[in-house]
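Engineer: First the structure, which I've put down as structure tokens, then a few questions once you've had a look.
The values are calculated or read from the model by the stated rules, or taken from the named source; none is laboratory data. For clarity, every value in this text was computed on a predicted model and none was experimentally measured. FYI the Cβ positions are ideal-geometry reconstructions off the backbone, even for glycines, and counts take in every protein chain you see. SASA here: full protein model, heavy atoms, side chains in, ligands and nucleic acids out. Shrake-Rupley method; radii C 1.70, N 1.55, O 1.52, S 1.80 Å.
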Amino acid sequence: MVCNTYKMGSGPMHSVTLYHWEPNANSGKPMLALMEKGVAFNSHYLDLLNFDQHQPDYLAINPQGTIPAMLHGERVLTESTAIMEYVEEEFPGPRLMPEDPRDRWRVRWWMKFMDQWLGPSFSMIGWKVFVGPAVSARDPGELKAAIERIPLPERRVAWRKAIYGQFSEEELKESQRRVALGIRMLEQELAKRPWLASSEYSLADINGFNLAYALPLSQPGLSNDELTPNTLRWLRAIYARPATKACWAMGRTSMVRRVTILEQPHIGAGRVT
């Protein structure tokens, strides 16, 4: 577990420590929210592929062994979306929630949709393609012991499925169906306004980007400049933000290179030009 201090802009130094993995999915959400607000924080990188999140020093902070977690003074905060909302309400800086009540409702609707319906399907596909193969070649005894240390039973099941390739065909088909539907929903919504939930950049965009940034790479037949031009415009606009660039610079695995697909001026179905 490695600790660094991150500071962006002229925001005041707060007693904030963030425990996180790569700047994507759940870890990336509070990372990017803090950076957009200009909040300085101590960065503790947890190597998920080395099971750092299940070691005793981290379990003393978050007994569930999930990441991310944030310390603000003596407060211990978990659950990525809830942390983002805390950051928005607790710290000064640019607003990440719109003023209009209906727009705020839309932000929360999309965050719930991402977290509870679409995100798990992205996660299943990602675990099968990246996480499982990345650790499956390790010593079988070490892997078994690492799985047995996981506090939450449902996470033990997920890790076993990823490592040993136990996701069923039905599970994977359902995840792919949800991803395809989610892509269509994103495109329809982003045809209405520049950002996902309102005319202003918000937590919904941070949440969505951390799940969807690699869509044109992982789902080229479903998300490209011909089929989903509004989604590609949206992803590129978020990627161009200074906070996003700084956030992704904190990554340490090959996963961070996936976001560079958005630097391409035109992404077609199955090819980049």
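Engineer: Of the numbered conditions (1) over 17 Å from the mean Cα position of the chain (by Cα); (2) open to solvent by 50 Å² or more (accessible area, probe 1.4 Å); (3) without any contact (Cβ under 8 Å) to a residue 40 or more places away in the chain, Ala158 fails exactly one; give the number of that condition.
Structural biologist: Among (1) over 17 Å from the mean Cα position of the chain (by Cα); (2) open to solvent by 50 Å² or more (accessible area, probe 1.4 Å); (3) without any contact (Cβ under 8 Å) to a residue 40 or more places away in the chain, Ala158 violates only (2).
Engineer: Something else about it: Quick check: anything in the stretch 226-236 surrounded by fewer than 19 Cβ atoms within 10 Å (Cβ to Cβ) and under 17 Å from the mean Cα position of the chain (by Cα)?
Structural biologist: Yes, the stretch 226-236 contains at least one residue that is surrounded by fewer than 19 Cβ atoms within 10 Å (Cβ to Cβ) and under 17 Å from the mean Cα position of the chain (by Cα).
Engineer: State whether the residues of the stretch 133-144 include one that is farther than 23 Å from Pro56 by Cα, surrounded by fewer than 13 Cβ atoms within 10 Å (Cβ to Cβ) and free of Cβ contacts under 8 Å to residues at least 40 places away in the same chain.
Structural biologist: Within the stretch 133-144, one or more residues are farther than 23 Å from Pro56 by Cα, surrounded by fewer than 13 Cβ atoms within 10 Å (Cβ to Cβ) and free of Cβ contacts under 8 Å to residues at least 40 places away in the same chain.
Engineer: Looking at Thr260, Thr244, which one is over 24 Å from Met84 (Cα atoms), assigned to a helix (DSSP H, G or I) and within 17 Å of the chain's Cα centre (by Cα)?
Structural biologist: Within the list Thr260, Thr244, the selection yields Thr260.
Engineer: If you check Thr260 against the conditions, is it in contact with an Asp or Glu (Cβ under 6 Å, 6 or more places away or on another chain) and at pLDDT 95 or above?
Structural biologist: no
Engineer: Can you name every one of the helices (runs of 4 or more DSSP H) wholly within the stretch 36-125 that holds 3 or more residues which are at pLDDT 95 or above, crowded, with 19+ Cβ neighbours inside 10 Å and of a type outside the set (D, E, K, R)?
Structural biologist: Numbers: elements: 56-59, 80-90, 101-113.
It comes to 80-90, 101-113.
Engineer: Mind telling me which of the residues Arg155, Arg138 ends up being closer than 17 Å to Ser27 by Cβ and not aromatic (Phe, Trp, Tyr)?
Structural biologist: Arg155
Engineer: Still on this structure, please answer the following. From the list Leu77, Leu96, pick out the single residue that is in contact (Cβ under 8 Å) with a residue 40 or more places away in the chain and in contact with a helix residue (DSSP H, G or I) (Cβ under 6 Å, 6 or more places away or on another chain).
Structural biologist: Only one candidate passes the filter, namely Leu96.
Engineer: I need the full set of residues from the stretch 177-213 which are in contact (Cβ under 8 Å) with a residue 60 or more places away in the chain, outside any helix (DSSP H, G or I) and buried (at least 20 other Cβ atoms within 10 Å of the Cβ), in order please.
Structural biologist: Scanning the stretch 177-213 gives Leu196, Ala197, Ser198, Tyr201, Ser202, Tyr213.
Engineer: Which numbered condition trips up Asn24, out of (1) open to solvent by less than 40 Å² (accessible area, probe 1.4 Å); (2) modelled with pLDDT of 95 or more; (3) under 29 Å from Leu143 (Cβ atoms); (4) of a type outside the set (Ser, Thr, Tyr)?
Structural biologist: Condition (2) is where Asn24 drops out.
Engineer: Hey, can you tell me all the residues within the stretch 81-93 that are at negative phi and touching a residue at least 60 places away in the same chain (Cβ under 8 Å)? Spell out the reasoning first.
Structural biologist: Restricting attention to the stretch 81-93, the residues satisfying the condition of being at negative phi are 81-92.
Hits for the stretch 81-93 are Thr81, Met84, Glu85, Glu88, Phe91, Pro92.
Engineer: I would also like to ask the following. Which residue, of Glu154, Glu200, Glu174, Glu189, is more than 30 Å from Glu263 (Cβ to Cβ), modelled with pLDDT of 95 or more and not aromatic (Phe, Trp, Tyr)?
Structural biologist: Of the residues listed, the single one that is more than 30 Å from Glu263 (Cβ to Cβ), modelled with pLDDT of 95 or more and not aromatic (Phe, Trp, Tyr) is Glu174.
Engineer: Still on this structure, please answer the following. If you check Pro265, Pro220, which single one turns out to be in a loop (DSSP other than H, G, I, E, B) and either free of Cβ contacts under 8 Å to residues at least 24 places away in the same chain or in contact with a Cys (Cβ under 6 Å, 6 or more places away or on another chain) (or both)?
Structural biologist: Only one candidate qualifies: Pro265.
Engineer: Kindly indicate whether Glu74 is under 19 Å from Ser198 (Cβ atoms) and acidic (Asp, Glu).
Structural biologist: When the stated conditions are applied, Glu74 does not pass them.
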